[in-house]
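Working notes for the structure below.
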């Protein structure tokens, strides 16, 4: 499965959300939503790179960056600001909750599933309630990716930065991005290996928890615990 041509619904409008949107666009997906605590910004034709760059530029400068974007966009008919709403009502192939803890409840998860969402990837810390996770696990064709795996890239890059600083080196973006992709592929492989189910599918939540425990256990043994 590739992102090319898929509809992606993203919640949030901070660093995680905006750069998740940029990465999705880089992989030729169509990002249709961004949101904040006051509402959702919806663009049926999909946000462009210049749209996301504008939002990054004015993040933390304007009071409500998403509302300001909808007011200043020259093609107002293509973008809609919907106060008090969330992104999960829209048809999408991939949902990436990046806003806050417990932002997606069970009913919203069921609505995503009814709209044929195939993957829910956590960007925020624990953005799905236990009811939402249960609903996703109960669906045959929807995959749940926990934040401990999908959002591990931030910690990984911090480690690369610490290593770079300790060695008084300066690495290129291309080098660091390549290392990050290798790390994320390795994390995926561990989750897929540890999360195998009896029917041949992968339970990524189970896989991430088991893989994380293995790493912790090995570290404890190495320290003589």
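See the values below:
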{"read-out": "The stretch 33-47 - residue that is out of contact with any strand residue (DSSP E or B) (no Cβ under 7 Å at 6 or more places or on another chain) and surrounded by fewer than 17 Cβ atoms within 10 Å (Cβ to Cβ) and, of those, nearest to residue 81 (Cα to Cα)", "value": "37"}
{"read-out": "Subset of the stretch 23-32 [surrounded by fewer than 16 Cβ atoms within 10 Å (Cβ to Cβ) and in contact (Cβ under 8 Å) with a residue 12 or more places away in the chain]", "value": "27, 28"}
{"read-out": "Residues of the stretch 172-207 satisfying the condition of being in contact with a strand residue (DSSP E or B) (Cβ under 8 Å, 6 or more places away or on another chain) and not in a loop (DSSP other than H, G, I, E, B)", "value": "191, 192, 196, 202, 204, 205, 207"}
{"read-out": "Matching residues, the stretch 90-113, being closer than 14 Å to residue 43 by Cα and crowded, with 16+ Cβ neighbours inside 10 Å", "value": "90, 92"}
{"read-out": "Test: residue in the stretch 65-85 that is surrounded by 16 or more Cβ atoms within 10 Å (Cβ to Cβ), assigned by TED's automatic domain parsing to the domain that holds residue 135 and under 17 Å from the mean Cα position of the chain (by Cα)", "value": "no"}
{"read-out": "Yes/no for residue 138 being modelled with pLDDT under 95, surrounded by fewer than 18 Cβ atoms within 10 Å (Cβ to Cβ), out of contact with any strand residue (DSSP E or B) (no Cβ under 7 Å at 6 or more places or on another chain) and over 26 Å from residue 154 (Cα atoms)", "value": "yes"}
{"read-out": "Index of the failed condition, residue 164 passing every other in (1) more than 19 Å from the chain's Cα centre (by Cα); (2) in a loop (DSSP other than H, G, I, E, B)", "value": "(2)"}
{"read-out": "Matching entry among 144, 204 (being under 17 Å from residue 20 (Cα atoms), buried (at least 16 other Cβ atoms within 10 Å of the Cβ) and either at pLDDT 90 or above or assigned by TED's automatic domain parsing to the domain that holds residue 16 (or both))", "value": "144"}
{"read-out": "Flag if residue 114 is out of contact with any helix residue (DSSP H, G or I) (no Cβ under 8 Å at 6 or more places or on another chain), without any contact (Cβ under 8 Å) to a residue 24 or more places away in the chain and not assigned by TED's automatic domain parsing to the domain that holds residue 208", "value": "yes"}
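The values are calculated or read from the model by the stated rules, or taken from the named source; none is laboratory data. Note that this is a predicted model, so its numbers are computed, not measured. Note: ideal-geometry Cβ built from the backbone for every residue, glycine included; neighbour counts use all protein chains shown.
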